[in-house]
Amino acid sequence: MGRNTGRFWQKTIGRKQESIIENQIQETMSTIIYPSPIFGPVKSRRLGISLGINLLPADGKVCTFDCIYCECGLNATRKAKSAMPTREEVAKALEKKLEEMRSSGEQPDVLTFAGNGEPTIHPHFGEIIDDTIDLRDRLCPSAKVSVLTNATLITRDKVFEALKKVDNNILKLDTINTGYISIVDRPTGKYDLDAIIERMKAFEGRAVIQTMFLKGELDGRNIDNTGDSFVAPWINAIKEIAPREVMIYTIDRETPVKGLQKASREELDRIIGLLGKEGIKASASY
Ligand code: SF4
């Protein structure tokens, strides 16, 4: 299937990414680098008590995207020096934390793979999902297992099979405009949108799609993806993928690149309404 690159965005493709944004990088931003391999629990209205599992190093970020809005900062300025935790370290730390929580009478509602980058990058992601499901079944059987992923690696069979086992497989798809993806999400390697969408479809209605809507300027260009030129083709792709649910959100914290703005409540509600008309379950975080 052909995807919309857009001539407007095409002009930017091929230019060195850092040269596009160098005037807009905010050195002073307060980035969040999470402890590893376990952080939290964090209480949220939507998820309840969420215990975080961070498969990336504790001192920096590792991601196959380099989003201009990333709360962890940009890849170049948040390089990790230490290694990712091993499978054994993750299992041991998770078991210890779940036992502590159990003895204090607190149970997590969800075990969430998130943190300093892309969890599926971990070479033992699949085995760690198996260990986590075993620990969940033993120590907190009512908790869900969620993975927040940018979906770049779902074309790998091992990653795909592991994601099929979790309760909430939350896949990022900010737009289907590949020019926009190249300057806003900024894949660090080869990015084949058609192959990724085919794999999203192969979850057969069990995946959740998560989409960032934002506004503002980048290199003098308007990067508002809330208008119909972005939203209409994105909804067509969502219909093809037929996810269980769509979660849309906007910028919530300081971003590493200046000039970005939140999408308004009205804009997000309009998109929720359009998804609703197509019979797609959707929610927004404002
Ligand atoms: S995919 Fe997530 S962790 Fe990676 S750069 Fe984008 S926002 Fe940051």
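The values are calculated or read from the model by the stated rules, or taken from the named source; none is laboratory data. Keep in mind that this is a model prediction, so the values were computed, not measured. Every residue, glycine as well, gets a Cβ built from its backbone with ideal geometry; the counts of neighbours run over all protein chains shown.
Of all strands (runs of 3 or more DSSP E) completely enclosed by the stretch 37-153, which ones contain at least 2 residues that are within 16 Å of the ligand (Cβ to nearest atom) and under 18 Å from the mean Cα position of the chain (by Cα)?
Ranges flagged: 48-53, 110-113, 144-149.
In the stretch 271-286, what count of residues is obtained for those that are touching a residue at least 12 places away in the same chain (Cβ under 8 Å), in a helix (DSSP H, G or I) and of a type outside the set (A, V, I, L, M)?
0
Tally up the residues in the stretch 19-34 that are surrounded by fewer than 17 Cβ atoms within 10 Å (Cβ to Cβ) and within 18 Å of the chain's Cα centre (by Cα), please.
Result for the stretch 19-34: 1.
Taking the stretch 227-286 as the region of interest, how many residues are crowded, with 17+ Cβ neighbours inside 10 Å, modelled with pLDDT under 95 and not hydrophobic (A, V, I, L, M, F, W, C)?
3
Taking the stretch 191-225 on its own, how many of its residues are within 16 Å of the ligand (Cβ to nearest atom) and either charged (D, E, K, R) or part of a helix (DSSP H, G or I) (or both)?
The number of residues fulfilling the criteria is 3.
Which residue out of 128, 197, 209, 170 is touching a His at 6+ places or on another chain (Cβ under 9 Å), at pLDDT 95 or above and among the hydrophobic types (A, V, I, L, M, F, W, C)?
Residue meeting the stated conditions: 128.
Filter the stretch 250-270 down to the residues that are of a type in the set (A, V, I, L, M, F, W, C) and in contact with a Ser or Thr (Cβ under 7 Å, 6 or more places away or on another chain), then identify the one that is farthest from residue 222 (Cα to Cα).
268
A quick yes/no check of all residues on (1) among the polar types (S, T, N, Q); (2) out of contact with any strand residue (DSSP E or B) (no Cβ under 8 Å at 6 or more places or on another chain); (3) farther than 24 Å from residue 193 by Cβ:
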| position | (1), (2), (3) |
| --- | --- |
| 238 | no, no, no |
| 245 | no, no, no |
| 254 | no, yes, yes |
| 258 | no, no, yes |
| 274 | no, yes, no |
| 277 | no, yes, yes |
| 284 | no, no, no |
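Taking only the stretch 239-258 into account, find how many residues are closer than 30 Å to residue 22 by Cα and without any contact (Cβ under 8 Å) to a residue 40 or more places away in the chain.
Matching residues across the stretch 239-258 total 3.
Out of the stretch 160-174, which residues are more than 13 Å from the ligand (Cβ to nearest atom) and either within 20 Å of residue 110 (Cβ to Cβ) or in contact with a strand residue (DSSP E or B) (Cβ under 8 Å, 6 or more places away or on another chain) (or both)?
If the condition is that a residue be more than 13 Å from the ligand (Cβ to nearest atom) and either within 20 Å of residue 110 (Cβ to Cβ) or in contact with a strand residue (DSSP E or B) (Cβ under 8 Å, 6 or more places away or on another chain) (or both), then 162, 163, 164, 165, 166, 167, 168, 169 are the ones that fit.
Restricted to the stretch 77-129, and to residues that are of a type in the set (Ser, Thr, Tyr) and free of Cβ contacts under 8 Å to residues at least 60 places away in the same chain, which residue is surrounded by the most Cβ atoms within 10 Å (Cβ to Cβ)?
120
Condition first: within 13 Å of the ligand (Cβ to nearest atom), surrounded by 17 or more Cβ atoms within 10 Å (Cβ to Cβ) and in a loop (DSSP other than H, G, I, E, B). Now tell me which residues in the stretch 176-190 satisfy that.
185, 186, 187
Which condition number in (1) surrounded by fewer than 23 Cβ atoms within 10 Å (Cβ to Cβ); (2) among the hydrophobic types (A, V, I, L, M, F, W, C); (3) touching a His at 6+ places or on another chain (Cβ under 9 Å) is the one that residue 148 fails?
Going through (1) surrounded by fewer than 23 Cβ atoms within 10 Å (Cβ to Cβ); (2) among the hydrophobic types (A, V, I, L, M, F, W, C); (3) touching a His at 6+ places or on another chain (Cβ under 9 Å) one by one, residue 148 breaks only (3).
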